[in-house]
Amino acid sequence: MKNLLFLFFLLCTMVACEEGNQTPVNDMSYPGIEVSYPETATGDVTDDYFGHEVADPYRWLEDDNADDTKDWVKVQNETTNGYLDKIPFRNAVRERYEELFNYPKFSAPFKVGEYYFFNKNDGLQNQSVIYRQKGLEGEPVVFIDPNKISAEGTTAISIAGLSKDNKYMVVSQSDAGSDWQKFYVYDVESMQKTEDVIEWVKFGGASFWKDGFFYSRYPEPKDGEELKGNNLMHSVYYHKLGDPQSADKLIYEDKENPTYYHFGYVTEDENYHVLFQQPGTDGFKTLYKDLGSDAGYVTLFDGYSNKSSVVHNIGSKFLVLTDIDAPNYRLVEVDLDNPAQDNWKNIIPESENLLQGCNTGGGKLFANYLKKATDRIYEMDYDGSNQKEIKLPGVGSANTPGGRESTKILFYAYTSFLYPPTIFKYNVETGESSLFQQTPLKYNPEEYVEKQVTYKSKDGTPVTMFLVHKKGLEQDGNNPCLLYAYGGFNISLSPSFSTSRILLLENGGVFALPNLRGGGEYGEDWHQGGMLMKKQNVFDDYIAAAEYLIAEGYTKKEKLAIQGGSNGGLLVGAVMAQRPDLYAVAFPAVGVMDMLRYHKFTVGKGWIPEYGSSEQSEEMFDYLHGYSPVHNLKPGVEYPATMVTTGDHDDRVVPAHSFKFAAILQQAHEGKNPVLIRIETDAGHGAGKPTSKIIDEQADIYSFLFYNTDTPVKYIKG
């Protein structure tokens with residue numbers, strides 16, 4: 001249910017020797033930087049929604065291939081860079097962040113026959129390198145180095161599948177941040193690439209069976225439509241090793257529902273192919289096929305109102321994680337010979353805490369619970385007996401151990417806001433957990449505190465929020481504060497480590513992360529409390545968090561910055577429109593800003609179960625139109641100092657959302673606050689972004705934050 005992406009470790013450097021040369025840049029208000037915004041042409045475009053005419057004057061910005069759009073991007077970036085260049089400490093902030101970021105980063109190893117594979121970044125490499133070593137004590141050798149594929153570092157790779165006999169590995173490659181992937185097949189022993197190439201893959205991995213693998217793909221898009229076209233007919237294929245892709249066998253498609261997604265995988269015993277059919281990002285249908293017979297797929301869980309995923313099977317008995325009659329989830333055993341719900345056997349009953357994930361490895365079952373948005377992990381037998389907790393170093397986040405039944409040494413990573421991701425080795429046979437990989441820190445975590453508070457939203461609902469700041473912080477309202485949130489798609493935000501946040505913390509700032517409704521922290525009821533026509537609850541929760549921080553003296557309006565990406569970018573755009581008086585700075589990143597047209601691009605229609613669609617009913621149109629960021633910015637309003645961020649290769653939330661929002665904001669805004677857009681080239685929604693671009697972007701964000709909250713910046717060499 002949750003894939004935790006860990007940032008890894010920090011390498012120790014001495015900063016005390018520089019402290020004598022550190023000088024605050026300014027103890028007074030910074031001078032204003034004048035901005036002259038480029039003119040953005042408007043067009044006479046309107047749409048009719050149930051008799052309501054809605055203007056869309058910047059529709060032309062949706063065409064990312066048009067010369068006019070490319071020219072607009074160029075002049076907007078010139079304007080933004082012209083402003084950022086005038087921030088006196090911009091380069092110094094970048095230097096400090098690069099120093100913080102420059103430490104070795106490792107992934108947890110996983111076993112492939114007699115080898116272990118892992119990812120490592122030496123510190124400032126644009127992309128992590130995949131290594132292979134023989135046993136846990138062997139000498140690591142480079143398996144694939146993506147930095148040699150692209151000189152600019154814009155090619156990202158990951159392992160997408162592994163054959164049961166450990167002979168072959170599928171590696172996915174994406175370029176310039178796009179969601180499109182190519183699959184390549186490697187021989188594990190020789191480390192050589194085979195002739196097999198699979199194109200037009202988006203979402204999903206490769207699951208081996210016999211002499212090939214199952215995968216999901218879209219048809220090849222038309223020229224010019226690769227990054228914005230509406231992706232339809234996501235279907236399952238089988239590729240036989242050595243064959244050209246044109247010979248691949250179509251396994252499953254649904255012509256009656258061309259917008260649906262289809263994902264599948266083969267069970268560990270290779271007896272079944274499990275298939276999930278999803279209209280979008282919420283509920284899904286679960287099917288399976290007996291690979292030992294010619295029979296087709298059998299529906300195990302029908303409909304799209306629930307989420308039931310197969311964790312493991314013991315013969316014809318499936319262990320299924322489900323929210324059916326269990327909004328906090330439970331694990332049940334379903335016998336394929338008697339699959340009716342009356343015959344289900346509870347393995348892990350529902351509890352007051354969210355059962356956010358289950359995994360298997362070494363012949364054991366592992367359960368991951370979320371308690372007040374922090375992780376707890378338990379090991380048990382397949383029948384749920386002999387349960388014991390795996391003690392974590394503290395209250396934070398951890399991924400669930402997992403591997404094949406024959407693998408007795410497993411790995412997991414743990415992190416918190418102050419505890420860099422650290423890898424632990426778990427011995428299934430002894431039940432012992434030990435430190436495996438740790439890197440010393442570049443800062444002293446003992447100077448800071450992480451805690452959790454509870455506040456009440458507009459309707460009285462209690463909402464939890466994490467706070468991180470220096471020990472002994474004076475709650476006098478004079479601290480810069482960054483309020484980050486997401487609030488959607490059943491995604492849980494739990495403690496995680498970030499080197500960029502150190503820039504904020506060491507300059508006296510407060511980092512705040514509330515667990516808004518719409519997320520998954522407190523189960524499916526919490527999720528549903530912030531979706532569809534309850535989306536306003538998410539915005540209310542966020543606004544209430546800002547009011548709490550101000551009321552408790554952690555910050556004040558003039559020092560408060562808000563930030564969110566994707567659905568979180570929508571969140572920032574919406575609350576900017578609803579309460580522009582409450583914040584000093586806003587960072588909407590890769591946001592879904594046009595709620596009337598989002599479903600018309602790439603994979604946007606998959607979000608209809610979460611948001612609803614402007615075309616499904618007048619009531620839904622009214623609701624979406626009521627909070628859609630591009631439709632609710634008002635002329636003559638002083639909005640917060642804003643830096644919109646997006647990527648020109650974002651084919652998940654197409655950059656047109658951010659383009660239109662920025663154009664309208666620049667036209668509507670009145671006041672001295674800068675309202676800018678920073679458009680990264682050869683970058684997408686965020687995944688696979690090279691280190692150099694990450695450092696540049698984060699340095700610009702924090703420079704903009706400090707400058708527009710009048711924060712005296714430390715760690716500037718005098």
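Numerical summary
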| quantity | calculated |
| --- | --- |
| Residues located in region 105-127, provided they are touching an Asp or Glu at 6+ places or on another chain (Cβ under 9 Å) and part of a loop (DSSP other than H, G, I, E, B) | Gly113, Leu124, Gln125, Asn126, Gln127 |
| Residue in region 450-457 that is modelled with pLDDT of 95 or more, in contact with a strand residue (DSSP E or B) (Cβ under 6 Å, 6 or more places away or on another chain) and not in a strand (DSSP E or B) present | yes |
| Exclusive hit being outside any loop (DSSP other than H, G, I, E, B), touching a Phe, Trp or Tyr at 6+ places or on another chain (Cβ under 7 Å), without any contact (Cβ under 8 Å) to a residue 40 or more places away in the chain and not hydroxyl-bearing (Ser, Thr, Tyr), set Val236, Val310 | Val236 |
| Output for region 136-151, where each listed residue is charged (D, E, K, R) and either surrounded by 12 or more Cβ atoms within 10 Å (Cβ to Cβ) or more than 25 Å from Leu435 (Cα to Cα) (or both) | Asp145, Lys148 |
| Count - residues of region 369-406 that are assigned to a strand (DSSP E or B), within 24 Å of the chain's Cα centre (by Cα) and within 14 Å of Phe424 (Cβ to Cβ) | 4 |
| Unmet criterion (only one of (1) closer than 25 Å to Gly402 by Cβ; (2) assigned to a loop (DSSP other than H, G, I, E, B); (3) within 22 Å of the chain's Cα centre (by Cα)) for Lys228 | (1) |
| Selection from region 474-485 of residues that are within 21 Å of Gly396 (Cβ to Cβ) and either charged (D, E, K, R) or surrounded by fewer than 24 Cβ atoms within 10 Å (Cβ to Cβ) (or both) | Tyr484 |
| Residue satisfying condition, being of a type in the set (D, E, K, R) and under 24 Å from Leu241 (Cβ atoms), within set Lys134, Lys202 | Lys202 |
| Test: Leu504 is at pLDDT 95 or above, surrounded by fewer than 23 Cβ atoms within 10 Å (Cβ to Cβ) and either more than 19 Å from the chain's Cα centre (by Cα) or on the phi > 0 side of the Ramachandran plot (or both) | no |
| Tally of residues being within 30 Å of Gly606 (Cα to Cα), in a loop (DSSP other than H, G, I, E, B) and in contact with a helix residue (DSSP H, G or I) (Cβ under 7 Å, 6 or more places away or on another chain) across region 465-514 | 6 |
| Odd one out for Tyr426, checked against (1) out of contact with any Gly (no Cβ under 7 Å at 6 or more places or on another chain); (2) assigned to a strand (DSSP E or B); (3) farther than 13 Å from Ala108 by Cβ | (3) |
| Residues of region 239-253 satisfying the condition of being surrounded by 14 or more Cβ atoms within 10 Å (Cβ to Cβ) and either touching a His at 6+ places or on another chain (Cβ under 9 Å) or closer than 30 Å to Tyr598 by Cβ (or both) | Gln245, Asp248, Ile251, Tyr252, Glu253 |
| Members of region 204-217 found to be crowded, with 18+ Cβ neighbours inside 10 Å and either touching a helix residue (DSSP H, G or I) at 6+ places or on another chain (Cβ under 8 Å) or part of a loop (DSSP other than H, G, I, E, B) (or both), listed by number | Gly204, Gly205, Ala206 |
| Flag if Glu547 is under 20 Å from the mean Cα position of the chain (by Cα) and of a type in the set (Asp, Glu) | no |
| Number of the condition not met by Ala41 [criteria: (1) modelled with pLDDT under 95; (2) assigned to a loop (DSSP other than H, G, I, E, B)] | (1) |
| Yes/no for Ser658 being at pLDDT 95 or above, buried (at least 20 other Cβ atoms within 10 Å of the Cβ), under 14 Å from Asn567 (Cα atoms) and not β-branched (Val, Ile, Thr) | yes |
| Qualifying residue in region 477-496 (condition: of a type in the set (A, V, I, L, M), over 28 Å from Ala108 (Cβ atoms) and more than 24 Å from the chain's Cα centre (by Cα)) | no |
| Check on Pro629, within 19 Å of the chain's Cα centre (by Cα), closer than 30 Å to Asp179 by Cα and buried (at least 20 other Cβ atoms within 10 Å of the Cβ) | no |
| Any hit, region 192-202, residues being of a type in the set (Asp, Glu) and under 19 Å from Phe276 (Cβ atoms) | no |
| Pick from region 346-365, criterion exposed (fewer than 13 other Cβ atoms within 10 Å of the Cβ) and not acidic (Asp, Glu), ranking: farthest from Pro327 (Cα to Cα) | Asn346 |
| Options Val603, Val575, Val637; residue that is of a type in the set (Val, Ile, Thr), buried (at least 24 other Cβ atoms within 10 Å of the Cβ) and in the same structural domain as Ile491 (by TED's automatic domain parsing) | Val575 |
| Selected residue (only one of Lys182, Lys222 is within 21 Å of Asp648 (Cβ to Cβ), of a type in the set (Lys, Arg) and exposed (fewer than 13 other Cβ atoms within 10 Å of the Cβ)) | Lys222 |
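The values are calculated or read from the model by the stated rules, or taken from the named source; none is laboratory data. All of these numbers come straight from a predicted model, not from anything done at the bench. We place every Cβ from the backbone using ideal geometry, glycine too, and count neighbours over all the protein chains shown.
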